[in-house]
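Below is one structure; the comments refer to it alone.
Coordinate-derived values only; no laboratory data. Owing to the predicted nature of the structure, the values given are computational and were not obtained by experimental measurement. Methodologically, a virtual Cβ is constructed for each residue, glycine included, from the backbone with ideal geometry; neighbour enumeration extends over all protein chains shown.
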Amino acid sequence: MLSKRLNDIIFIAIIVLVLIGIVIARFMVLSTMDGRIEEIEAENQQLENEIAADISLVEEYRYENIPTASELARFIPSHYSRNTLMYFVFAQLELAGIRDESGRELRVEIQEDISYPSESRFNELSNRFSANRIEIRFNTSEPIDEIDNVIEQLYGVDQVFLLQNVRYEASESEQVAPRVVINFVTFYNLD
Amino acid sequence: MPNRRFQSKDAEQSDFIYVDLLPDMRRPRQFNVNIILIVLVAVFFTWLLVYWPLSGRQNQLDEALNLNNDLTAQRDYIESQIDAYRIDRDRIDLLGSIETALDNQINMTQYHSDLLAAIQSVESDARIRSINYNASNNTITLRVNLQRSLSYENVNIAFLDLEFVANSSYTQSNQEFILEVSD
């Protein structure tokens, strides 16, 4: 026969164990429930955002004609050919009055699929599209005018060309024509 | 098994054997009221700590699930409208990207003419010796031949008045101006 004191200790221990078990069960059950509620509420928030975006999309473009894929491809082509781009740039340079004549030392180089650091203004576009850099070099006695002509010519075409860098330095000697370097970036939607 | 006990008496007397033939039984436990207390405590605290908050959470979950159903139905309806109006998201995204790209076309021609005008407003015969524009860090580095040393400060002030110039500094020894272009 257990003593009364031992009996009381066992009774209290069982009560404590039962309470601990209930508290553990409470936290397990409620945390599972809370997790499920949070999941549903996050999903609801996402649905609300999607609905708001879709409503504004419908309101904005309900009656508006969105350019066709082929029309958009004129700005950011969906097919890339190095030779085509090279000939296109030479043609535009010729239209801007920059011909491959002696003394000009006209050079066009293309760097394909380049990426830009996150702080660059081209980063977002180069992440989405394939970005190609076109470097144009030539000698000229009228650097500012000819640089402006080249930029205006390439900005005037449908395909998007962005000016990345321009530099020229006039020689101390008047007889040596300044060397101009212009870098453009163009994009291709190759997905 | 019976509990057998033997007791010996004096040698003259006959031996008596006492045999306890009653079975060795454990007496049944007395009814323990503590068990009832434990069950009551368990039931009460389960109700208090688990069932009560759980029913509140269940209501929250039901509300969230009802809202989820409503929103899903609403989203499906709007999706059907998008399909009905033949709105193509991919083309809209591409159009947005093209507009973003075109916004990044720097008007260098305007920059050139404004810079030259600013320089020649200080010294009419001054000319730009070199120019370096970098779109990555949005700066223009210019080297300009100026006759008077005071002109550098005046040209710098003229540059700062230009709309597209966020900041301008110069080093007279290099005849160099560094301009930060505003977006």
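Here are the numbers for this structure:
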quantity	calculated
Which numbered condition A:VAL18 fails, given (1) within 10 Å of another protein chain (Cβ to nearest Cβ); (2) among the aliphatic types (A, V, I, L, M); (3) in a strand (DSSP E or B)	(3)
Qualifying residue in segment B:93-100 (condition: touching a strand residue (DSSP E or B) at 6+ places or on another chain (Cβ under 9 Å), surrounded by 18 or more Cβ atoms within 10 Å (Cβ to Cβ) and of a type in the set (S, T, N, Q))	yes
Residues (touching a Pro at 6+ places or on another chain (Cβ under 9 Å) and either more than 7 Å from every other protein chain (Cβ to nearest Cβ) or surrounded by fewer than 19 Cβ atoms within 10 Å (Cβ to Cβ) (or both)) located in segment B:130-148	B:SER130, B:SER136
Residue among A:LEU47, A:LEU106 that alone is among the aliphatic types (A, V, I, L, M) and facing chain B (nearest Cβ under 10 Å)	A:LEU47
Number of the condition not met by B:ILE128 [criteria: (1) assigned to a helix (DSSP H, G or I); (2) touching a Lys or Arg at 6+ places or on another chain (Cβ under 8 Å)]	(1)
Residue ranges of helices (runs of 4 or more DSSP H) in segment A:81-191 with at least 2 members under 15 Å from B:THR109 (Cα atoms)	A:143-156
Hits in segment A:146-171 - residues which are over 28 Å from the mean Cα position of the chain (by Cα) and of a type in the set (Phe, Trp, Tyr)	A:TYR168
Output for segment A:113-123, where each listed residue is within 16 Å of A:ILE76 (Cα to Cα) and either at the interface with chain B (Cβ under 7 Å from one of its Cβ atoms) or aromatic (Phe, Trp, Tyr) (or both)	A:PHE122
In segment B:145-169, the residues that are in contact with a Leu (Cβ under 9 Å, 6 or more places away or on another chain) and either in a strand (DSSP E or B) or among the charged types (D, E, K, R) (or both)	B:VAL165, B:ALA166, B:ASN167, B:SER168, B:SER169
Filter result for the condition that a residue is under 27 Å from the mean Cα position of the chain (by Cα), of a type outside the set (Phe, Trp, Tyr) and within 16 Å of A:PRO67 (Cα to Cα), over B:ASP93, B:ASP88, B:ASP70	B:ASP93
All positions within segment A:3-15 that are part of a helix (DSSP H, G or I), loosely packed, with under 11 Cβ neighbours inside 10 Å and more than 11 Å from chain B (Cβ to nearest Cβ)	A:LYS4, A:ARG5, A:LEU6
Every residue from segment A:131-145 that is within 11 Å of chain B (Cβ to nearest Cβ) and either touching a residue at least 40 places away in the same chain (Cβ under 8 Å) or under 25 Å from the mean Cα position of the chain (by Cα) (or both)	A:ALA131
Residue that is nearest to the other protein chains (Cβ to nearest Cβ) [pool: residues in segment B:108-119 that are surrounded by fewer than 19 Cβ atoms within 10 Å (Cβ to Cβ) and in contact with a strand residue (DSSP E or B) (Cβ under 9 Å, 6 or more places away or on another chain)]	B:LEU116
Exclusive hit being surrounded by fewer than 21 Cβ atoms within 10 Å (Cβ to Cβ), within 20 Å of A:SER102 (Cβ to Cβ) and of a type in the set (Val, Ile, Thr), set A:VAL150, A:VAL181, A:VAL157	A:VAL181
